[in-house]
1. Translational diffusion coefficient of segment 140-189 at 4 °C, 1.567 mPa s, Stokes-Einstein with Kirkwood Rh over Cα pairs, in µm²/s as a whole number.
2. Round to a whole angstrom and tell me the spacing of the C-alpha centers of segment 1-61 and segment 92-170.
3. Would segment 36-130 count as rounded, prolate or oblate if I go by the C-alpha gyration tensor, calling it rounded below 1.5 in a/c and otherwise prolate when a/b exceeds b/c, oblate otherwise?
4. State, as an integer percentage, the relative contact order of segment 98-225 based on alpha-carbon contacts under 8 Å between residues 6 or more apart.
5. Let me know the shape class of segment 108-202, please: from the alpha-carbon gyration tensor, a ≥ b ≥ c as square roots of the eigenvalues, rounded when a/c is under 1.5, otherwise prolate if a/b is greater than b/c, or oblate.
6. Mind checking the full-extension length gain between residue 151 and residue 245? Use 0.36 nm per residue of separation minus the Cα-Cα distance, one decimal, nm.
7. Can you put 21, 101 in order of Cβ neighbours within 10 angstrom, beginning with the fewest?
8. Under the 0.36 nm per residue contour assumption, what length would be gained going from the current alpha-carbon distance of residue 226 and residue 271 to full extension?
Ligand code: AMP
């Protein structure tokens, strides 16, 4: 199938050809005609599937009028299409896509998000824009200051709606929805369709077309996944070893908390590996420069929390490392979706310590796949760690969020120990550098659900600062 057979107009086809895209991705094949038809859309699409072009291309075409050449004039401070995204990074990337694909069209666009001055954004909105990409909070601020009006709005896109709800944006979204004209086209994109998303979709969409390209939460098959069991204190040293021994040039490393992200980036720098941390506490300038340094190859390792990493689009990212498993099993799928994008091969490695057995089990249950274990020579974990991992011991998965440093409370060492008497695989016994996992002993497993949220659906605020047990220590310092 070709892009032209989807009914796209010539300036869009030219822009797509300039990007080197030869054929539409599966989500694009389905979403483009659906959006062009003017219908509401509910699309399940994971990151890396080409979903951004899937809605941007037809959106731009619709703004050019039925004949593709009669753009309506947009009034002062008005917007014709609004794309809501959960994070600034995603907002910037969507805006970049609008610029790229709309390059040969006379459409104006801008992007607004918090953490930067509001005045330039007010100026940019003054003449009105065809496409506004926005994070909810800043959009409401701009509306409160009369900088943006929605009476000419024709299309609303909610991108990564699941993450918006996870981040507690539901009230902002509902406030925004009340400001919009009732007659409009609505497009909702989400990686997963949890109950809350379906509820939102019911109130938002009218007779939507529903499209799904990959079954929910299945891990992309082209991504090679591996678990390295390791004692927690040895994780930083193992990470340095892996980066150096494989000579990886571009590695995205995930941590659960901002604190660990910072500490780890510092540790890598001390080891002579150029690294930067990216998370919600960093200024917009720091985040943008870390990201561009990483894209250009100047920074070798980007250490990110889940929320900061959401929406990062780095072409053909070869390597993703989970320094810590995510609290929410679904986030594992999002994390590893950062590698192997757009048809490229990807590799995802998880460093798993004793208290993460339950999280690992939750992930394997979700992706319906056992991930191969490999012990790295020189970093053999103690038997108790291996036992704990195989028996699924550790904290249960829960609804995660970036807030504060409290991905979880530090667990006393005693609680990390497995129950006695389990047959443990022994590490390093006349084995090659890597050893396949032993069969999993029958044990009660975490089911990866157990999410916690406050009554209004927001993820719970963190309770405990956890520094002690998770601090980044040099190899062997236990
Ligand atoms: P997305 O899922 O929208 O974040 O897109 C993932 C990546 O795929 C981006 O780097 C796009 O530039 C790229 N991409 C989107 N559509 C295509 C296509 N039809 N062919 C090749 N690459 C594409």
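What follows draws every value from the coordinates through simple rules; no lab data is involved. What you see is a predicted model, and the numbers here were worked out from it, not measured in a lab. Cβ: placed from backbone, ideal geometry, glycine included. Neighbour counts: every protein chain shown.
1. Values: Rh = 11.7 Å.
Taking Rh from Cα pairs, D becomes 110 µm²/s.
2. Each part's Cα centre sits 20 Å from the other's.
3. Numbers: a/c = 1.93, a/b = 1.08, b/c = 1.79.
Since a/c reaches 1.5 but b/c is at least a/b, the shape of segment 36-130 is classed as oblate.
4. Working: 113 pairs, mean separation 25.4, N = 128.
Relative contact order for segment 98-225 comes out at 20 percent.
5. Numbers: a/c = 2.05, a/b = 1.56, b/c = 1.31.
The shape class here is prolate.
6. Values: separation 94, 0.36 × 94 = 33.84 nm, distance 5.81 nm.
Full extension from residue 151 to residue 245 adds 28.0 nm.
7. Details: 21 16, 101 25.
The fewest-first ordering by Cβ neighbours comes to 21, 101.
8. Details: separation 45, 0.36 × 45 = 16.20 nm, distance 2.42 nm.
Here the segment from residue 226 to residue 271 would lengthen by 13.8 nm.
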